[in-house]
């Protein structure tokens, strides 16, 4: 191997060093290793704009065979929890959960994410915030990463340093695509002309939906625990413009509930937030998914 | 008996039978899994790590606690490393409760232990169940539809399940969450022993999935 002269290394460092520092200073920090994966705190925009909301993101990448959990983890597991250390004038909102997957081990069913997921957290910046040098946003994440064989708890300390400016926000080109794709796939309120009803059929809830076209797949993920039997198959009966989904009640559901809230995923991974009152009669009502809270 | 009265009499008896059957069916408990709250706890025989055999129905007249266990699961470790599970076992067995730790993990899976390994674990952890039952084929686990470890079942002296679910109200792996948690097992036992209604008879059990032999991948 030809030996390079020491002076050429010196010049390389001089050239690339500052570039590397610049990279570290923007909205794209390095990923922290976690058990069987990595976790990174990223931001949609290049700076915090006073008076605006900035989307932060917890970017999980997981080894094959390992998963983390949704807000309702299902039969086992525990969702990740975040504690923020933020400078004054900045407030973090709740995690915006993408639609989960059913993680089926036969006797139990959990709800979560495999491979990779971005958990978006909106950060509100007070309008009175003064433009200032980069501030440090800290996040302590408690997580549980599981495979079919075992679960491993862990903690990750993440941080991201961003300037605060009075100028309007500008997207970070490095993270823009990931945020856009995630935002697009987040569960959204169902279209206003869709009609939903839920009837209490003794040992099951029957969700009836009129969505104007034939549906080939439908899976319901309840937001609350202990309402439906997670491992029970969800029987789908489809007609031309509507469908019925039978959801077996949970053995832990001892008191009647008024409403069924959750995420309904149709073919093509189209995810909708539904929040439907439960009735004994079979009357189809207009969609009450508008304005459903996440 | 005259023939002309035979047919009406038969019909009458059939109707009576049908009515009785219908009444019995209506009066019967709802058709849910046999191991559920309010239903009679399914009987089983288990072999302990000591080699001794234990039969649930031999414990009629006593309260019984079933504790699903997997020593590798962080939710179980939270209870054992904090000393909480051992303290519960001692406290309640002293009051005449029979406490069975049940290992339903299949061989080769996390939580499985041979008799010797389990005896070593019990000694090391200073655990004090009445017995640790080895259920590697998952028979007892499936009978009770045990989903997680830990999962707790409390049975009253009449042999009826009065509690099924989580050990407490803090579904985390954090040891720091043990002291402040409401322990559902103790709550159920205290209330039932005082002749009161069990306030929280069923909760979502939290923990790691039970590692049965037939788990699909």
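Computed from the coordinates by the stated procedures, all read-outs in this text should not be read as laboratory data. Note that this is a predicted model, so its numbers are computed, not measured. Cβ placement follows ideal geometry from the backbone for every residue including glycine, while neighbour counts extend to all protein chains displayed.
Among residues that are more than 10 Å from chain A (Cβ to nearest Cβ), touching a helix residue (DSSP H, G or I) at 6+ places or on another chain (Cβ under 8 Å) and surrounded by 19 or more Cβ atoms within 10 Å (Cβ to Cβ), residue B:122 is not included. Number of residues in segment A:90-102 that are under 12 Å from the mean Cα position of the chain (by Cα) and not in a loop (DSSP other than H, G, I, E, B): the value is 2. Just to be sure I understand, how many residues within segment B:125-184 are crowded, with 17+ Cβ neighbours inside 10 Å, assigned to a loop (DSSP other than H, G, I, E, B) and within 13 Å of chain A (Cβ to nearest Cβ)? Looking only at that region, the number is 12. Screening residue A:87 on (1) in a loop (DSSP other than H, G, I, E, B); (2) within 30 Å of residue A:251 (Cα to Cα); (3) over 16 Å from the mean Cα position of the chain (by Cα) shows it passes everything except condition (2). When restricted to residues that are part of a loop (DSSP other than H, G, I, E, B) and either more than 12 Å from chain A (Cβ to nearest Cβ) or within 24 Å of residue B:82 (Cα to Cα) (or both), segment B:201-217 contains 7.
For segment A:100-120, a residue qualifies if it is surrounded by fewer than 22 Cβ atoms within 10 Å (Cβ to Cβ), more than 10 Å from chain B (Cβ to nearest Cβ) and farther than 17 Å from residue A:39 by Cα, and the qualifying residues are A:101, A:102. For segment A:238-284, taking the residues that are within 14 Å of chain B (Cβ to nearest Cβ) and part of a strand (DSSP E or B), the one that is nearest to residue B:37 (Cα to Cα) is identified as A:249.
For every residue, the table says whether it meets (1) within 14 Å of chain B (Cβ to nearest Cβ); (2) part of a strand (DSSP E or B).
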residue	(1), (2)
A:58	no, yes
A:71	yes, yes
A:78	yes, no
A:130	no, no
A:136	no, yes
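Counting only strands (runs of 3 or more DSSP E) that fall entirely inside segment B:33-91 and contain at least 2 residues that are closer than 15 Å to residue B:155 by Cα, the qualifying elements are B:64-68.
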